[in-house]
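Undergrad: Submitted below is the structure of interest, expressed as C-alpha cells.
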Amino acid sequence: MKRFTWFNATALTLGFAFLYVPMIILIVYSFNSSKLVTVWAGFSTRWYGELLQNEEFLDAAWVTLKVAVMSSTIATVLGTMAALVLVRAGRFAGRTLFSGMIYAPLVMPEVITGLSLLLLFIGIGLERGVLTIVLAHTTFSMCYVSVVVSSRLVTFDRSLEEAALDLGCSPFEAFRLVTLPIIAPAVISGWLLAFTLSLDDLVIASFTTGPSATTLPIKIFSAVRLGVSPEINALSTLMIAVVTVGVIIASLVTKQAAIRQARDERMAERPA
Amino acid sequence: MAQTVFAPWNDPDEKPLIQFRGVTKRFGDFTAIDNLTQDIYAREFFALLGPSGCGKTTMMRMLAGFERPTEGQILIAGQDMSRVPPNKRAVNMMFQSYALFPHLSVWDNIAFGLKREGRDKDKIAARVEEMLRLTRLSKFAKRKPHQISGGQRQRVALARSLAKAPKLLLLDEPLGALDKKLRQDTQFELMDIQEKTGTTFVIVTHDQEEAMTVASRVAVMDEGQIIQVATPDQIYEAPNSVYVADFIGDVNIITGRAAPQGDKVAIRFAEGQPEIIGTTTKTFEPGQEIHFAIRPEKVAIDTEEPEDTPNKLRGKVLDIAYLGNISTYHVELPTGLIVKAQTANTRRISRRQITWEDTVWISWTDTAGVLLDR
C-alpha cells in the first residue's frame with residue numbers, strides 16, 4: 001500500500017496547521033521588539049524581561065499555582081475516596097444516584113457550576129478569594145480524579161488487600177501499605193489532570209473569585225480586553241513551554257517504566 | 001508401631017483445633033455451605049476436595065475471616081471466631097493468585113506480616129532469612145515478584161504465609177498455576193514443610209491426585225456439604241457413595257438389584273448375565289437398588305476363561321488406552337455395558353497378546369469391589 005498520497009499529505013498539513021499555527025504566531029510575536037503586536041520589528045527578548053518586572057502578573061501566577069496545588073490535592077483525596085466507594089462497596093441503596101452525582105459535573109456547563117457556587121458562597125456569607133476558588137475547583141476536578149482512579153481500581157486484584165488483612169493489617173493499613181502504592185500512578189495522573197484543569201480554568205474562577213485573588217487566566221483575559229500586549233504573548237509562550245516540558249517529562253517517565261518492566265520480565269524468564 | 005500412626009480423629013481425648021458447628025453460609029438465595037459440622041485437628045493436613053462451586057473455597061474464606069457464617073459457629077482452638085476480623089486471627093492464607101505485593105521485594109513481602117506485629121528489626125530479619133532458606137529463595141531476596149518464575153512466586157507466597165508461624169495455614173489451590181512436573185515436586189515440598197513446622201494445613205483443591213498425595217484426611221464436598229471425610233486410602237478403597245467413588249480416580253459402576261446370600265450379596269444387573277458376588281458389612285434388602293463399584297486395576301483380563309473366581313464375565317475389547325506404565329482395556333459386555341480393566345505393562349509392548357476385537361474374560365474376587373446404596 002502506498003502511504004504517501006497527495007490527499008494524505010494535504011490532510012496532515014491542514015490538520016497540523018489548524019492545531020499549531022495560532023500558537024506558532026503567538027510564540028513568534030512574543031519575540032517581537034515592537035510594542036505593536038501585529039508589526040514585526042526584529043527579534044528581542046525585551047517583553048520577557050518586562051514580564052518579570054510586572055508584579056501583577058507575578059502575583060496572579062502565584063495565586064494560580066497556590067489554587068491549583070491546593071484544589072488538585074483536595075480533589076485527589078476526595079476523588080480517590082469516591083472511587084473506592086464506587087468500585088468496592090458493591091450494591092448499596094442509592095449507588096446509581098451516587099455515581100451519577102459524582103459524574104454529573106463532567107457534563108455540567110461551567111457557567112452553571114460557577115453561578116451556583118457563587119450563589120452558595122454569597123448565601124453562606126463566605127468572603128470570596130483564594131479559598132472560594134479552591135473549593136470551586138475541587139468540586140469540578142474531583143470527578144475527573146474519581147474517573148481516572150476508579151478505572152484503575154476495577155482491575156485491582158482484591159486478594160492483595162485480603163492478603164494484607166490476613167497478614168495483620170487493619171483495613172486502613174492495608175489501603176496505605178498495599179492499595180495506595182499500587183494505584184499510585186493513577187492517583188498521580190488524576191492529580192496532574194486536576195492540576196491542569198485548575199491552572200487554565202477561567203469561567204468558574206471568575207465567578208467565584210473576589211478582588212483579593214486574581215488568577216492568571218483571569219488576568220490575561222482582562223488584559224486582552226484592553227488590547228493584546230507583547231507581554232501577554234510572552235506570558236502565554238512561557239505557559240506553553242511549561243506545559244510542553246511537563247508533557248514530555250511525563251511521557252518519558254512512563255516510557256522508562258515500561259522499558260524497565262519489560263527488562264525485568266525478561267530477567268525473570270532466565271533460568272535461575 | 002501403633003503409636004506412630006497419626007490419627008487424632010480416632011482419639012476421643014484429642015481436642016480439635018477447628019470446629020465447624022452447624023455452619024450455613026448463604027449468598028442471597030444461594031446456599032454455599034449447608035449446615036456443615038466438621039472437626040479438624042492440630043498438625044493435620046486437611047484437604048477440601050470438590051468440583052468448583054461445591055463450597056470448599058467458602059469454607060476456607062470463613063476460616064480466614066473474609067466471610068461470616070450466616071448460621072452456626074466456627075471455633076478455632078475453642079474460641080468462637082464469628083466476631084474476629086482476619087487481621088486478629090492466628091490464621092494465614094496462601095492465595096490462589098499468590099497475591100504477592102508487586103511493589104515490594106521478595107524479602108519485604110515475607111517481612112510484611114512480621115513488621116505488622118511490631119517485632120524488632122533483628123528478629124524480623126532472622127525470621128525472614130529462615131523462611132528464605134526453608135523455601136530455597138535466598139538468592140532472590142532482592143527481586144520483585146515479577147522478576148521471578150511462577151514456581152518461585154509460589155514459594156514466596158508460602159514463605160510469606162508461614163512467616164508469622166500461624167496456628168493454621170490455609171492453602172487455596174496453591175499449585176494450580178504450576179505445570180505437572182513442578183506441581184508434583186512442590187507437593188512433596190509442602191508435605192515436608194508441614195512436617196518441619198508442625199503447622200496445621202487446610203488445603204482447597206479440585207485436583208484429586210493432589211489431595212490424595214498431600215493430605216492426612218480428605219473431605220469430598222458437593223453442593224455445600226461434606227459427603228465423606230477419610231484418609232486418602234479409605235476414600236479410594238472404601239468410598240461411601242457413587243459420588244465419591246466416581247470423583248476419586250477411575251471406577252466402574254454397575255447398577256443392579258441386591259440379592260443377599262449370607263454374608264455376601266449377589267447383584268443381578270442384566271438378563272442373561274451371571275450375578276456379581278460381593279462382600280459387604282452393610283445390609284441390603286432383597287430387590288433393593290445397589291451400585292457395585294470396582295476400580296479398573298482390580299479387574300483382571302485374560303484370553304482364557306479363568307477358574308476359581310467368583311466373578312467372571314465375557315466381553316470384547318473395544319478400546320485400548322496405552323499410558324506407558326499401564327494399559328486400560330475397555331471391554332464391552334454383550335449387554336452393551338463397558339467395563340474398564342487395567343494391567344501394568346510389565347512386558348515390552350511387542351510381547352503383549354490382547355488386541356482390539358479380541359474376545360476376553362474379565363474377572364475379580366468377591367472382595368475387590370464396593371457395594372453402595374447411593
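The numbers here are math on the coordinates, done by the rules we state, and not lab data. Just so it is clear, the structure is predicted and the values come from calculations on it, not from any experiment. Positions of Cβ are generated from backbone atoms using ideal geometry, with glycine treated the same way; all protein chains shown enter the neighbour counts.
Undergrad: In peptide B:109-116, what is the residue-averaged number of other protein chain Cβ atoms found within 10 Å of each Cβ?
TA: 4
Undergrad: Less than 12 Å apart at the alpha-carbon level, and either on another chain or at least 8 residues along: which aspartates and glutamates does that give for B:Lys312?
TA: Within the straight-line cut-off, B:Lys312 pairs with B:Glu275, B:Asp302, B:Glu304, B:Asp366.
Undergrad: Separate question: Return the calculated 222 nm mean residue ellipticity for chain A, to the nearest 500 deg cm²/dmol, obtained by summing -39500 (n - 2.57) across DSSP H runs with n ≥ 4 and dividing by the residue count.
TA: Result for chain A: -25500 deg cm²/dmol, rounded to the nearest 500.
Undergrad: Placing +1 on the Cβ of each Lys and Arg and -1 on the Cβ of each Asp and Glu in chain A, which of A:Thr38, A:Leu199, A:Ala136 has its Cα farthest towards the positive end of the resulting dipole?
TA: Of A:Thr38, A:Leu199, A:Ala136, it is A:Thr38.
Undergrad: Can you tell me what share of the DSSP beta bridges in the protein assembly as shown is antiparallel? A percent to the nearest 5 is fine.
TA: 75
Undergrad: Now for a different question. Shape call for segment B:92-139 from the C-alpha gyration tensor, a ≥ b ≥ c root eigenvalues: rounded (a/c under 1.5), prolate (a/b greater than b/c) or oblate?
TA: It comes out oblate by the Cα gyration axes.
Undergrad: Could you please state, rounded to a whole Å, how far the C-alpha centre of segment B:230-266 is from the C-alpha centre of segment A:191-215?
TA: 79
Undergrad: Residue by residue through B:146-152, how many Cβ atoms from other chains fall within 10 Å of the Cβ on average?
TA: 4
Undergrad: Can I get the semi-axes of the protein assembly as shown's equivalent ellipsoid? Compute them from the C-alpha gyration tensor as square roots of 5 times the eigenvalues, in angstrom, largest first.
TA: 73, 30, 25
Undergrad: As a check on your grasp of the helix formula, calculate [θ] at 222 nm for chain B: sum -39500 (n - 2.57) over DSSP H runs of n ≥ 4, divide by the residue count, round to the nearest 500.
TA: -6500 deg cm²/dmol
Undergrad: Which order, highest average first, do A:91-99, B:212-220 follow once you tally other Cβ atoms within 10 Å for each residue and take the mean per peptide?
TA: B:212-220, A:91-99
Undergrad: Would you mind checking the tilt of helix A:110-123 against the longest principal axis of the Cα atoms of chain A, expressed as 0 to 90 degrees and rounded to 10?
TA: For helix A:110-123, the angle is close to 80 degrees.
Undergrad: Next question, about the same structure. What does the convex hull of the alpha-carbon atoms of segment B:12-101 project to on average, in nm²?
TA: If you wrap the Cα atoms of segment B:12-101 in a convex hull and average its projections, you get 6.9 nm².
Undergrad: Got a sec to turn the phi values of segment B:43-52 into Karplus ³J(HN,Hα) couplings, 6.51 cos²θ - 1.76 cosθ + 1.60 with θ = phi - 60°, whole Hz, x for Gly and Pro?
TA: 6, 6, 10, 9, 9, 9, 10, x, x, 5
Undergrad: Quick check on chain B: take the gyration tensor over C-alpha atoms, sort the square-rooted eigenvalues as a ≥ b ≥ c, and tell me if it's rounded (a/c under 1.5), prolate or oblate.
TA: prolate
Undergrad: Also, I was wondering about something else. Only Lys, Arg, Asp and Glu count, each charged at its Cβ (+1, +1, -1, -1), so figure out the dipole size of segment B:34-131 about its Cα centre, rounded to 20 debye.
TA: 260
Undergrad: Now, a different point. I need the peptides A:119-131, B:82-94, B:29-41 ranked by packing, meaning the mean over residues of other C-beta atoms within 10 angstrom, with the highest value on top.
TA: Ranking the peptides A:119-131, B:82-94, B:29-41 by packing returns B:82-94, B:29-41, A:119-131.
Undergrad: Name the shape class, rounded, prolate or oblate, that the alpha-carbon gyration tensor gives for chain A, where a ≥ b ≥ c are the square roots of its eigenvalues, rounded holds for a/c under 1.5, and otherwise prolate holds if a/b is larger than b/c and oblate otherwise.
TA: Oblate, because a/c is 1.5 or more while a/b does not exceed b/c.
Undergrad: Mind scanning B:Lys25/B:Lys196; B:Lys115/B:Lys180; B:Lys164/B:Lys196 and naming the pairs with a C-alpha gap bigger than 25 Å?
TA: Too far apart for the 25 Å limit: B:Lys25/B:Lys196; B:Lys115/B:Lys180.
Undergrad: Also, I was wondering about something else. Longer than 25 Å from Cα to Cα, which of B:Lys15/B:Lys167; B:Lys142/B:Lys167; B:Lys56/B:Lys123 are they? Say none if no pair is.
TA: B:Lys142/B:Lys167; B:Lys56/B:Lys123
Undergrad: State the dimensionless ratio Rg/Rh of segment B:265-374 (Rg: radius of gyration of Cα atoms; Rh: Kirkwood radius).
TA: For segment B:265-374, the value is 0.99.
Undergrad: Once you average over the residues of B:97-105, how many Cβ atoms of partner chains fall within 10 Å of each Cβ?
TA: Other-chain Cβ atoms within 10 Å of each residue's Cβ, averaged: 5.
Undergrad: Oh, and also: Quick one: which of B:305-314, B:230-239, A:14-23, B:166-175 comes out on top by average Cβ neighbours within 10 Å, and what's the full order, highest first?
TA: B:166-175, B:230-239, B:305-314, A:14-23
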